[in-house]
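Just below is one structure, and these are the notes that go with it.
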Amino acid sequence: MKKLLNNPVDYVNEMLEGLAAAHPEYYKRIGADGRIIVRPDAPVKGKVGIVTGGGSGHLPVFTGYVGKGLLDACAIGDVFASPGVDLIYEAMKAVDGGAGVLCLYGNYGGDVMNFDMACEMAEMEDLKAKSVLVADDVASASFAERAKRRGIAGMVYCFKIAGAKADTGATLDEVTATAQKAADACHTMGVALTPCILPAAGRTTFTIGENEMEIGMGIHGEPGVRRGPLQTADEIAEEMLRMLLADVPLASGDRISVLCNSLGATPHEELYIVYRVVAKRLKELGVTVVAPLVGRYATSMEMAGMSITFCKLDAELEQLLLAPCSCPFLKV
Amino acid sequence: MKKLLNNPVDYVNEMLEGLAAAHPEYYKRIGADGRIIVRPDAPVKGKVGIVTGGGSGHLPVFTGYVGKGLLDACAIGDVFASPGVDLIYEAMKAVDGGAGVLCLYGNYGGDVMNFDMACEMAEMEDLKAKSVLVADDVASASFAERAKRRGIAGMVYCFKIAGAKADTGATLDEVTATAQKAADACHTMGVALTPCILPAAGRTTFTIGENEMEIGMGIHGEPGVRRGPLQTADEIAEEMLRMLLADVPLASGDRISVLCNSLGATPHEELYIVYRVVAKRLKELGVTVVAPLVGRYATSMEMAGMSITFCKLDAELEQLLLAPCSCPFLKV
Amino acid sequence: MISKELTVESIHLAMDRIKVGILAHAEELNARDGAIGDGDLGVTLSRSVEIFSATPPEGDDVGMVLLGYAKMLTGTVGSTYGTLAATGLMAAAKLTKGRTAVPWSEVSLLLAAAGAAMAARGKSHLGDKTVLDVIEAARSATENIKEPEKLASAAAAAVKATTAEFAAKPFKQGRARIWGEKGLGMEDPGMVAFQYIVESLLP
Amino acid sequence: MISKELTVESIHLAMDRIKVGILAHAEELNARDGAIGDGDLGVTLSRSVEIFSATPPEGDDVGMVLLGYAKMLTGTVGSTYGTLAATGLMAAAKLTKGRTAVPWSEVSLLLAAAGAAMAARGKSHLGDKTVLDVIEAARSATENIKEPEKLASAAAAAVKATTAEFAAKPFKQGRARIWGEKGLGMEDPGMVAFQYIVESLLP
Ligand SMILES: Nc1ncnc2c1ncn2[C@@H]1O[C@H](COP(=O)(O)OP(=O)(O)O)[C@@H](O)[C@H]1O
Ligand SMILES: Nc1ncnc2c1ncn2[C@@H]1O[C@H](COP(=O)(O)OP(=O)(O)O)[C@@H](O)[C@H]1O
Ligand SMILES: [Mg+2]
Ligand SMILES: [Mg+2]
Ligand SMILES: [Mg+2]
Ligand SMILES: [Mg+2]
């Protein structure tokens, strides 16, 4: 695999420069090195601000989802590395419109430390802040230990739903509760086919045989559930569905949204081949799919592979999922 | 590179099955093997119908752009192969709401033959039809021989603009004239880094060295302008810009739209790194960029590489570009 | 068995023979097309002849039967070769519509009409190293020939010679064109396919 | 040169020495981190010590100076090691705020406070094969020691021994955790970095 690069040290800043140049109506750069992206109209008076953050290399996650009815700001780290504490705290201050700030991000050790520390700073300066961690990766821990799960593509649903909730004028406690409900509703299974290349290191994140796949592997190459010979799309989809359905038992009449997400290189064609299996199985179960998403929503640069996310809906979550939102990567 | 596949013979049909299952509000399958995608509300009474068609493996092109304010139908061939004549003709009949049909597609030999033949059939049965070919690939022929150019990512602008024009209630002649104006306004330069794998053949479309790139290579591997060692993102962007600006001289005050398009594997991060150079150069020239697009809009499955399209705007084109439209891959 | 004039029976009979010839060479044609194109020539031709024999067009109007076969081609895959063949058959159909018997001496004329229509459809020219060149060779070799056996053998010899002669030249049309120098020395798969088609008609 | 008690001068001096030690081992630390993590430990530590020496915090309040260094860490990269170090420095700052001199005998206490805060921040435990284990080793080795020279040498010996001892155990925290069996036999880069930090303070 080959990359269009300049000096790898400038990778993130150049990327952000292009992002802000292309979509100034959505993204404003602030903070040291412009490593925070905020809505140009931030802070929105009276609205709970929603801040996320994490490593680069996952576009549209995290930065891309700053937008109307979505996130208010994102603190941006180097490729696959956490943003600094000060950066996170600055992002929080930039979006506090008086109603407080929700930190909504994926469950990764470094990010948790830095967000926790930023929240302690906020507390010292009387900025009201709450945190909700997205921990949707079914393969990374058992249901009994859900809190240990990594955060992956389910994040997209959490951003969408929390953003819509904040738009209703809800309080920080309400937005936090709904965001937590959305996070709890998300269950994701992934499969990795190839690694990606770290720009700075110039090498791949992990190795995997020419005819191998790894079910449940994390988006940075964290070990999964099972490595084995590459199977057919239908077999892989069925295996992932089995694991998902064991985690979130669905009954006739249930309503869910489904995200079939490419990790980067895997094309739309293959996602639809997989989605076909998902749709068939859910139909058999009598489950209704609402507003499915098929595409590249949470990636690891040019990694090949995909994930399936179930977001189980109740009336509130469904209404918020269908509420209007707008960023260059997601418009409802 | 690895693919999520079942029997390759079923690749296109399974993909369409998933596509229609995911987005029934946009896509309805008709015709032999369901190889035509039409808007569910087709034909729209009194509106000029717009039909495209071409080989599979380029999502969102072609099928994906069926939608409101966009295309009315698409006839779908096998991977990188033309759809049959009857399929095209059937698509035309399905979208004729009495105002006639525009065939709007990329300039490839097989497609031209089949569309021409379908149009002759239409003529025999008194269905009013016109054709506009998209021929935007600067690398494939000189400006003097523009009509010989292949159609690549510029297609997206043509679909958008022609679709918006048809939505105004314009006549077939008017829609045809505007579509032709849009096609003439589009100039694209591409660079290929890696090939993709043909599902049926199980092999790559072409070969290219581990540290090589080919400027101007076509999306099926057609030879380009220059093959050489992989350069930096900025150098590549500058070279492509030089060729584009030689083809479409821009002056201060001009307004254009720009599409930075990934051929598949190349991630958003790299597209923004390139867009940054494009934005800087156009700013220096005093050119205003309107509604730029950065993403995967016209692909070759998991090919790595990208293209830059300039769509030079006049007042009409700009207004139509900004008019509302909606499909799962493009919403304005 | 061979009728005095070209009738619908002789067309159906020819199609049966062509089916045998194509199926015997399908793999080879795929491989030839695969070397310079997308490798589907054998597949698409096989699919076409299977459909031909499954539901041959009815009636005794030569033109309408030729049109019937042409329509089967447009109804199947969208391959270049299939569309060109449909175009050629339609051109021949126009000249024979309303007739139940056509003198064998007109075969050369039908080939001329087919070739001209195909060139127009493909925006291509004689010398481009395509099936057009062998059709022209067959047309020229069959001029003024009235006996069907002689027609087939004259055409087959001319087609074979032309295919071989063109191997040395560069491709100027279709997917093969992009190969430039690398195409030198290779026979055009479309010409070879036509050669097998004509050879299946040899007595 | 060495003052009778821990003052801001002794802190600045220590930071200068640590800078030399870190820069000398930056490449090695990158390589160690690269084998099981993301390979940035040397880079991020170097960046931090450069910033320390460029703009050392002012004033003579030991606590405020420690807090000043902590804040420089949170202001630079977001690496785990940097955030943990900032957390540890802040904990020590809380205990020394408002004082211009702290008896050397309190160093062990400061290490205890730092280690506890870091464990809370990292949601990790002693025995997880992280920098926590060598901090605990240093804390234990420095208990009741009053002379600065002895402090450094006792800490250095304990840290080195603990780093070596843990090499045989599995990683239970951070990016290294995912390596499972492959991590056996490897020293934890965070422990090694702390070893070089302490060794830079040897007289
Ligand atoms: N423009 C053209 N005009 C005439 N014949 C052509 C043209 N392009 C291709 N051919 C013929 O068609 C053959 C390839 O047919 P086919 O495999 O069906 O093409 P594809 O798979 O590219 O649609 C070539 O070998 C050549 O003889
Ligand atoms: N949860 C944790 N608690 C305590 N120490 C940790 C933890 N995670 C990692 N470490 C320490 O940090 C070191 C790695 O630091 P660093 O390279 O900055 O991590 P990263 O690059 O993953 O952010 C490890 O060698 C280990 O000593
Ligand atoms: Mg072919
Ligand atoms: Mg073909
Ligand atoms: Mg590290
Ligand atoms: Mg790091």
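Brief remarks on what is shown
- Exercise: per-residue mean of other protein chain Cβ atoms within 10 Å, B:320-331: 1
- Each principal axis of segment B:187-321 carries a Cα extent, and these read 48, 30, 25 Å when sorted largest first.
- Among the listed pairs A:Lys280/B:Lys47; A:Lys28/D:Lys182; C:Lys4/C:Lys129; A:Lys93/A:Lys165; B:Lys28/B:Lys130, those with a Cα-Cα distance over 32 Å are A:Lys280/B:Lys47; A:Lys28/D:Lys182; C:Lys4/C:Lys129.
- Charge-dipole axis of the protein assembly as shown as Lys and Arg at +1 and Asp and Glu at -1 on Cβ define it, positive-most pick from D:Ala152, A:Val277, D:Thr130: A:Val277
- Positive minus negative residues near D:Met191 (Lys, Arg vs Asp, Glu; Cβ under 12 Å): -3
- Computed from point charges on the beta carbon alone (+1 for Lys and Arg, -1 for Asp and Glu), the dipole magnitude for segment B:187-321 about its Cα centre is near 60 Debye.
- FRET efficiency estimate (nearest 0.05) - Cβ-Cβ, B:Asp314 to C:Lys94, R0 45 angstrom: 0.50
- Using alpha-carbon coordinates, inclination of helix C:107-122 to the longest axis of chain C, degrees: 40
- Summarising the label geometry, the points placed 7 Å from Cα in the beta-carbon direction at D:Glu50 and C:Val20 lie 8.3 nm from one another.
- Aspartates and glutamates whose Cα lies under 16 Å from that of C:Lys169, excluding same-chain neighbours fewer than 8 positions away: C:Asp128, C:Asp133, C:Glu181, C:Glu187, C:Asp188
- The convex hull of the Cα atoms of segment D:108-203, projected and averaged over all directions, covers 5.6 nm².
- Pairwise FRET efficiency - D:Leu126 versus D:Glu9, Cβ, R0 = 30 Å, nearest 0.05: 0.35
- Rg/Rh (Cα only; Kirkwood hydrodynamic radius) as it applies to the protein assembly as shown: 1.06
- Placing a label point 7 Å from Cα along the Cα-to-Cβ axis, A:Glu174 is separated from the same position in the other copies by 4.7 nm, shortest listed first.
- Of the GluC sites (Glu not before Pro) in segment D:29-107, the ones in a loop by DSSP (not H, G, I, E or B) with at most 13 other beta carbons within 10 Å are D:Glu58.
- Least to most buried among B:His220, A:His268 (fewest other Cβ within 10 Å first): B:His220, A:His268
- Over segment A:117-185, the fraction of Cα-Cα pairs per 5 Å bin, rounded to whole percents and listed from the shortest bin up, is 3, 17, 21, 20, 20, 13, 5, 1.
- Chain C: angle of helix C:131-142 to the longest principal axis, Cα-based, in degrees nearest 10: 40
- Our coupling estimate for segment A:222-230, obtained by passing each phi through the Karplus curve with A = 6.51, B = -1.76, C = 1.60 and θ = phi - 60°, is 4, x, x, 8, 7, 10, x, x, 4 Hz, Gly and Pro reported as x.
- Between C:Lys146 and C:Leu202, the FRET efficiency estimated from the beta carbon spacing at R0 = 22 angstrom works out to 0.80.
- Lys, Arg +1 and Asp, Glu -1 on Cβ, resulting dipole of chain B about Cα centre, debye, nearest 20: 560
- Taking the Cα atoms of segment B:92-224, the ratio Rg/Rh between the radius of gyration and the Kirkwood radius comes to 1.05.
- Per-selection metrics, segment B:11-185 (Cα): Rg and Dmax in Å: 14.6, 45
- Net +/- balance of residues flanking D:Gly115 in space, Cβ distance below 10 Å, scoring K and R +1, D and E -1: -1
- Whole-number Å³ per residue for the convex hull built on Cα positions in segment D:8-199: 97
- For segment C:72-89, Karplus couplings with θ = phi - 60° (6.51, -1.76, 1.60), whole Hz, Gly/Pro x: 5, 5, 5, x, 8, 5, x, 6, 4, 4, x, 5, 5, 4, 4, 4, x, 5
- Fully extending the segment from A:Thr204 to A:Glu238, taken as 0.36 nm per residue of separation minus the present Cα-Cα distance, adds 9.4 nm.
- Counted by Cβ distance under 13 Å from A:Gly154, the other residues give a net charge of +2, where Lys and Arg count +1 and Asp and Glu count -1.
- Structure-based [θ]222 nm, chain A - -39500 (n - 2.57) summed over DSSP H runs of at least 4, per residue, nearest 500: -10000 deg cm²/dmol
- Inter-site label distance for D:Lys172 and B:Ala177 at 7 Å from Cα along Cβ, in nm: 7.9
- In units of the rule-of-thumb radius 2.2 N^0.38 Å, segment B:153-242 shows an alpha carbon radius of gyration of 1.46.
- Average partner coverage of C:69-76, which counts Cβ from other chains inside 10 Å: 4
- For segment B:159-296, with +1 on Lys and Arg beta carbons and -1 on Asp and Glu, the positive-most of B:Asn211, B:Ser252, B:Cys196 along the dipole: B:Ser252
- With Cα atoms defining each centre, segment A:146-198 and segment B:253-329 are spaced 30 Å apart in the structure.
- Prolate/oblate/rounded label for chain B (Cα gyration tensor, a/c 1.5): oblate
- Each of B:Asn261, B:Pro24, C:Leu41 was scored by the projection of its Cα onto the charge dipole of the protein assembly as shown, and the greatest displacement toward the positive side belongs to B:Pro24; charges sit on the C-beta of Lys, Arg, Asp and Glu.
- Semi-axis lengths, Å, segment B:3-111, gyration tensor of Cα atoms, sqrt of 5 times eigenvalues: 22, 15, 11
- Only Lys, Arg (+1) and Asp, Glu (-1) charged, at Cβ; segment C:8-199 dipole about Cα centre in debye: 540
Computed from the coordinates by the stated procedures, all read-outs in this text should not be read as laboratory data. The shown structure was predicted, so the numbers you read here are calculated from the model rather than taken from an experiment. Neighbour counts run over all protein chains shown; Cβ positions are idealised from the backbone, glycine included.
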